[in-house]
Amino acid sequence: MSETTPVEITSGQIPTIANGYRLQFESAQDTWVLLYPEGMVKLNPSAAEILQRCDGQTSVDDIVAKLETAFETTGLTKDVHSFLSIACEQHWISLS
Amino acid sequence: MSSPMLQHGLATDPKATRPGPPLWLLAELTYRCPLHCAFCFNPVDFARQSDELDTEGWISTLQQARALGSVQCGFSGGEPMLRNDLETLVGEANRLGFYTNLLTTGVGLNEKRARALKDNGLDHIQLSFQDSTREMNDFLSNTRTFDLKNKVASLIKDHDWPMVLNCVIHKMNIDHIDKIIEMALELGAETLELANTQYYSWAVVNRDHLLPSKAQLDKAEEVTNEYRERYGDRLRIIFVVPDYYENRPKKCMNGWGNVFLTIAPDGTALPCHTARMLPGAAFPKVTEHSIESIWYGSEGFNRYRGKDWMKEPCRSCPEADNDLGGCRCQAFMLTGDPAAADPVCDKSPDRGVVDTAIEQAQSTQTSIVGDQPLIFRDPKESLRLTEPAE
């Protein structure tokens with residue numbers, strides 16, 4: 001497989017969970033999971049918090065702001081961008 | 001058996017003492033099928049097992065499995081479209097929170113049923129390119145097959161399902177892998193699984209016809225890699241090598257009774273869809289036991305769980321955790337002992353049986369091999385091949 005360069009995330013983009021993927025909480029596993037054709041990814045808590053806000057209406061900047069408000073912190077931009085970049089490479093989300 | 005479906009993140013905690021939930025539920029709704037594939041996964045004696053759970057039986061199965069934590073549900077067969085209650089079952093699975101997958105040949109999938117499946121929440125269709133004709137070597141030029149798949153592929157696109165195509169690869173079509181990939185591109189597939197035949201059930205009966213040579217396999221992988229380079233993300237191609245050409249066995253089903261629960265058409269609960277071939281006590285039925293007691297408590301599901309059952313060379317092998325000794329069915333078929341090391345492993349004292357099969361496969365002849373003709377799956381052959389000895 002060829003190496004790919006990381007997907008560049010910009011603040012105005014609007015991420016949404018990709019077609020065929022579904023985010024849901026699984027009580028038996030006590031964790032959020034991302035389901036897709038014949039597969040499943042268990043999400044760590046921060047990935048789950050970000051993906052729950054990828055609703056197809058909220059921009060990357062607004063997701064960062066909402067997370068910073070919810071967790072009473074600042075400086076999350078870099079972490080959110082780098083996670084969204086990975087999520088995009090994995091085809092978990094699409095950007096518009 | 002190996003399945004790409006197990007390679008995408010269904011990891012479990014190796015330190016856990018109690019097995020995790022049966023995350024994957026495979027509902028084999030029926031062994032009936034309009035096709036006659038010579039590599040079919042259904043048991044060779046399928047014609048002797050014609051009982052099927054009724055709608056209520058399947059709904060209860062879905063409810064119990066979901067309550068235990070099952071999350072992926074595959075509706076398979078045979079051809080699951082032959083069940084008139086498929087839409088009802090998909091609807092129930094969706095309501096329960098399953099991610100629902102339909103594994104179909106596309107036969108019987110028309111606009112009306114596609115709409116109904118969509119309305120009932122079906123998440124994904126995996127369309128198989130299994131040959132529906134007896135002209136195996138004419139596989140790719142068979143226009144009837146292509147037209148049907150083309151129509152079904154359009155239905156999949158129109159209903160906004162992700163397009164996953166599966167094509168079973170063997171000696172007679174592996175040299176045309178470029179054409180198979182071209183066809184997938186033409187149909188607009190997002191994922192193509194090039195699944196080499198594994199040697200279970202009907203594929204064992206026909207092994208000499210189906211096992212490709214090393215040269216064929218290497219060429220096919222090379223061609224596949226060229227297409228991956230050329231098309232990148234437009235088409236994700238998964239290439240599954242036949243076990244026989246590996247030198248370490250697969251971690252079959254990601255471990256016995258670990259994540260995978262198959263329910264056969266008659267309600268028999270199995271750790272994999274071929275496990276019924278193994279000697280020993282019969283596996284439990286969902287009509288007689290709860291799924292919770294079957295999964296956690298039954299002898300069948302505990303028989304090869306973990307590592308306590310292992311013999312040498314597996315027992316002291318430093319790689320035992322990687323593959324858990326491989327596949328029990330393969331060990332049984334090739335050595336007669338279901339607790340032996342999977343002979344695919346080059347540490348197995350029985351590796352020679354795999355090497356012999358490979359040697360026989362190096363012939364360039366691709367049509368008729370040996371004296372035995374290719375045997376197509378059908379009820380008459382099923383009864384003939386499994387006639388009790390006098």
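The values are calculated or read from the model by the stated rules, or taken from the named source; none is laboratory data. This structure is a prediction, so every number in the text was calculated from the model and none was measured. Please note: Cβ atoms are built from the backbone with ideal geometry, for glycine as well, and neighbour counts cover all protein chains shown. These accessible areas exclude ligands, DNA and RNA; they are computed on the full protein's heavy atoms, side chains included. Shrake-Rupley method; radii C 1.70, N 1.55, O 1.52, S 1.80 Å.
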Original post:
So, counting K/R as plus one and D/E as minus one, what does the shell of residues with Cβ under 12 Å around residue B:228 add up to?
Top reply: -2
**OP:** With a 1.4 Å probe on protein heavy atoms only, work out how much accessible surface A and B bury together, total over both chains, in Å² to the nearest 100.
**Re:** 1900 Å²
Subject >> Per-peptide average of other Cβ atoms within 10 Å, ordering B:20-30, B:184-194, A:13-23 highest first >> reply: B:20-30, B:184-194, A:13-23
Subject >> Average Cα contact separation per residue, chain B, under 8 Å, 6 or more apart, as relative contact order % >> reply: 21 percent
Original post:
Other chains' Cβ within 10 Å of A:78-87 residues: what's the mean?
Top reply: 0
Subject >> For A:37-49, mean number of other protein chain Cβ atoms within 10 Å >> reply: 5
Original post:
Considering only DSSP states other than H, G, I, E and B, which GluC sites (Glu not before Pro) in the range B:225-289 qualify as loop sites with at most 13 other Cβ atoms within 10 Å?
Top reply: B:288
Original post:
Do you know the relative contact order of the range B:170-322, to the nearest whole percent, from alpha carbon pairs under 8 angstrom that are 6+ apart?
Top reply: 19 percent
Subject >> Hz values of 3J(HN,Hα) by residue in the range B:340-352 - Karplus curve (6.51, -1.76, 1.60), Gly and Pro given as x >> reply: 6, 5, 4, x, 4, 5, 6, 8, 6, x, 9, 3, x
**OP:** Would you mind checking which residues have amide H under 5 Å from residue A:31's amide H? H placed 1.01 Å from N; only 5 or more apart, or other chain.
**Re:** A:26
Original post:
In debye to the nearest 20, how big a dipole does the range A:15-91 give about its Cα centre with +1 on each Lys and Arg Cβ and -1 on each Asp and Glu Cβ?
Top reply: 120 debye
Original post:
Given Cα pairs under 8 Å that are at least 6 residues apart, what percent is the relative contact order of the range A:15-91?
Top reply: 24 percent
Subject >> Given charges at Cβ of Lys, Arg, Asp, Glu: the range A:15-91 dipole, positive-most of A:21, A:57, A:31 >> reply: A:21
**OP:** Return the long-range amide H neighbours of residue B:128 (sequence gap of 5 or more, or a different chain), with a cut-off of under 5 Å between placed amide H atoms.
**Re:** B:104, B:105, B:106, B:166
Subject >> Estimated FRET transfer efficiency (residue A:31, residue B:160; beta-carbon r; R0 22 Å; 0.05) >> reply: 0.20
Subject >> Phi to ³J(HN,Hα) by Karplus 6.51 cos²θ - 1.76 cosθ + 1.60 over the range B:277-287, Hz, x for Gly, Pro >> reply: 5, 6, x, x, 4, 5, 6, x, 10, 5, 7
**OP:** At most 14 other Cβ atoms within 10 Å and a DSSP loop assignment: could you name the trypsin sites (Lys or Arg not before Pro) in the range B:304-339 that fit?
**Re:** B:307, B:311, B:315
Original post:
Which of the peptides B:56-64, B:269-277, A:50-58 is most tightly packed, and how do the rest follow, judged by the mean count of other Cβ atoms within 10 Å per residue?
Top reply: B:269-277, B:56-64, A:50-58
Original post:
Once amide H atoms are placed 1.01 Å from N in the peptide plane, what residues at a sequence separation of 5 or more from residue B:237, or on another chain, have their amide H within under 5 Å of its amide H?
Top reply: B:192
